[in-house]
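Take a look at the structure set out below.
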């Protein structure tokens, strides 16, 4: 998704400048062409840029930019919706001060190859915003059953998540226990006496780097860092 958000922000400023000078239709047309050329596709999208005083937009600066889109696709990354707010945006320098918001139903790669989604909450400095991802425990159970039955050689009765980062694979005759970790490739993996096996990861076109994983009730909470400057194309 590198560079995509920069295109969106540039188009947002065009819309705002157009509205300031009474040409919203022209600005909207430019926005559509710009996004189409960038390869960004969405079922619905609203972009709002604001500055005080408004002529700051002519210099490529905005106090606040809001992006609300659904059915989002860009390159190999997909999401059900995007709802992001950036503050103190400088398009010429391709920087922003803060970013916050959510990415809902973001595409996740799983070891069993089944399409899976997760929600991402973002908040913090644009150079390294905190990102919190929640993955349903049912997803982990499905992936483990699919990928580990051949490895353990028997049918899996059930799986269990336990704080802080334990996953148990229970078979009729034994229980295999391991720790959930972020492996060297940046994927979430299960580390057991049999080795380290990847479970899920995010598409690398989305500049999100995972830092840690822990059990949160019946689900997994994954903490990472989002590089909004990469989103801006810097």
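The values are calculated or read from the model by the stated rules, or taken from the named source; none is laboratory data. Every value quoted in this text rests on a predicted model; they were computed, and no experiment measured them. For neighbour counting, all protein chains shown are included, and Cβ atoms are generated from backbone atoms with ideal geometry for every residue, glycine included.
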Only one of these is touching a helix residue (DSSP H, G or I) at 6+ places or on another chain (Cβ under 6 Å), under 27 Å from residue 122 (Cα atoms) and either at pLDDT below 60 or surrounded by fewer than 13 Cβ atoms within 10 Å (Cβ to Cβ) (or both): 31, 57. Name it. 31
What is the one condition in (1) under 30 Å from residue 61 (Cβ atoms); (2) surrounded by 19 or more Cβ atoms within 10 Å (Cβ to Cβ); (3) modelled with pLDDT of 85 or more that residue 83 does not satisfy? (2)
Among the residues in region 101-109, are any at pLDDT 90 or above, within 22 Å of residue 61 (Cβ to Cβ) and crowded, with 20+ Cβ neighbours inside 10 Å? no
Select from region 135-145 the residues that are more than 16 Å from residue 187 (Cβ to Cβ) and surrounded by 15 or more Cβ atoms within 10 Å (Cβ to Cβ) and write down the one among them that is farthest from the chain's Cα centre (by Cα). 145
Which of the residues belonging to region 100-137 are outside any strand (DSSP E or B) and in contact (Cβ under 8 Å) with a residue 60 or more places away in the chain? 111, 126, 127, 128, 136, 137
Can you tell me which condition residue 89 does not meet? The list is (1) at pLDDT 85 or above; (2) in contact with a helix residue (DSSP H, G or I) (Cβ under 8 Å, 6 or more places away or on another chain); (3) not in a loop (DSSP other than H, G, I, E, B), and all the others hold. (1)
